[in-house]
Amino acid sequence: MPEKQALPQWDLTNVYPSLESEEFKQDNLKIISLTDELQKYMEDNQIDPEISPSDRSDEQLAEVIAGFIDRLNVALTLSVTLETFIYSFLSTDSYNNTAKKAMSELEPIGIRLDQLGNVIAKSWLGKLGDRLEGIIQLNQTLQDHAFVLQEAVEQSKYL
């Protein structure tokens, strides 16, 4: 009878030392803070489908949209890092209660980010209509994200 070999183990310590590590806990708190800050930024800058952006100049809108994109990208990057780290444990051990708990704590944040970025912001961007092309030309961040912005305007028609 052949000798049993130990299954290979992923070394994820380059991401976080563990699900219980202080670094992981701090980033879980940070994603909550980043999401709160994004929501406040949107409120402060009236990124709201109920509020028309028509009374603002293209320059003002370019600055607001770029600020939104910068904040959303930071939050999404951290959210995906956390989610992927947790999922790496769940995909190899679906009974890992620590990972299940961590995922259930992270999921509401992901839902909030999705609502802020894919529902509220897209609906608001849709109100820009034909102005978007000119606004994009005013800011490098917007130029870098032109396709996504144009798709958001197009998709806003179906929200």
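Couplings 3J(HN,Hα) for the range 53-70, derived from phi with the Karplus relation 6.51 cos²θ - 1.76 cosθ + 1.60 (θ = phi - 60°), are x, 5, 8, 10, 6, 4, 5, 4, 5, 4, 5, 5, 5, 4, x, 5, 4, 4 Hz, where x marks Gly and Pro. Taking other residues whose beta carbon is less than 12 angstrom from the beta carbon of His145, and scoring Lys, Arg as +1 and Asp, Glu as -1, yields -3.
A full extension of the chain between Thr98 and Val119 corresponds to an added length of 4.4 nm, given 0.36 nm per residue minus the alpha carbon distance. Per-residue ellipticity at 222 nm for the chain, helices alone: DSSP H runs ≥ 4 residues times -39500 (n - 2.57), over residue total, nearest 500 deg cm²/dmol? Mean residue ellipticity at 222 nm (helix-derived): -20500 deg cm²/dmol. With a Förster radius of 22 Å applied to the C-beta separation of Glu37 and Val148, the computed FRET efficiency comes to 0.60.
Hey, what's the Cα Rg ratio for the range 91-159 versus the globular rule of thumb, 2.2 N^0.38 Å?
That ratio works out to 1.59.
The equivalent ellipsoid that matches the C-alpha gyration tensor of the chain spans semi-axes of 40, 16, 14 angstrom, in descending order.
What does the net charge come to around Asp70 if you take all other residues with beta carbon closer than 13 Å to its beta carbon, with K and R at +1 and D and E at -1? Value of the local net charge: -2.
Each Lys or Arg adds one and each Asp or Glu subtracts one; over the other residues with Cβ under 13 Å from the Cβ of Ser18, this totals -4. Sorting 94-101, 118-125, 142-149 by average packing, meaning the other beta carbons within 10 Å per residue, from highest down gives 118-125, 142-149, 94-101.
Taking 35 Å as R0, compute the FRET efficiency from the Cβ-Cβ separation of Lys30 and Gln5 and round it to 0.05. Write out the running numbers ahead of the final one.
On the way: r = 39 Å, r/R0 = 1.12.
Using R0 = 35 Å, I get an efficiency of 0.35.
Output the relative contact order of the range 61-159, whole-number percent, from Cα pairs under 8 angstrom with separation of 6+ residues. The partial results should precede the final answer.
Details: 61 pairs, mean separation 33.5, N = 99.
After rounding, I find 34 percent.
Laboratory data are not the source of any read-out in this text; all were calculated from the coordinates shown. Just so we're clear, the structure is a prediction, and the values are computed from it rather than from any experiment. Don't worry about glycine lacking a Cβ; one is built from the backbone with ideal geometry, like all the others, and counts go over all protein chains shown.
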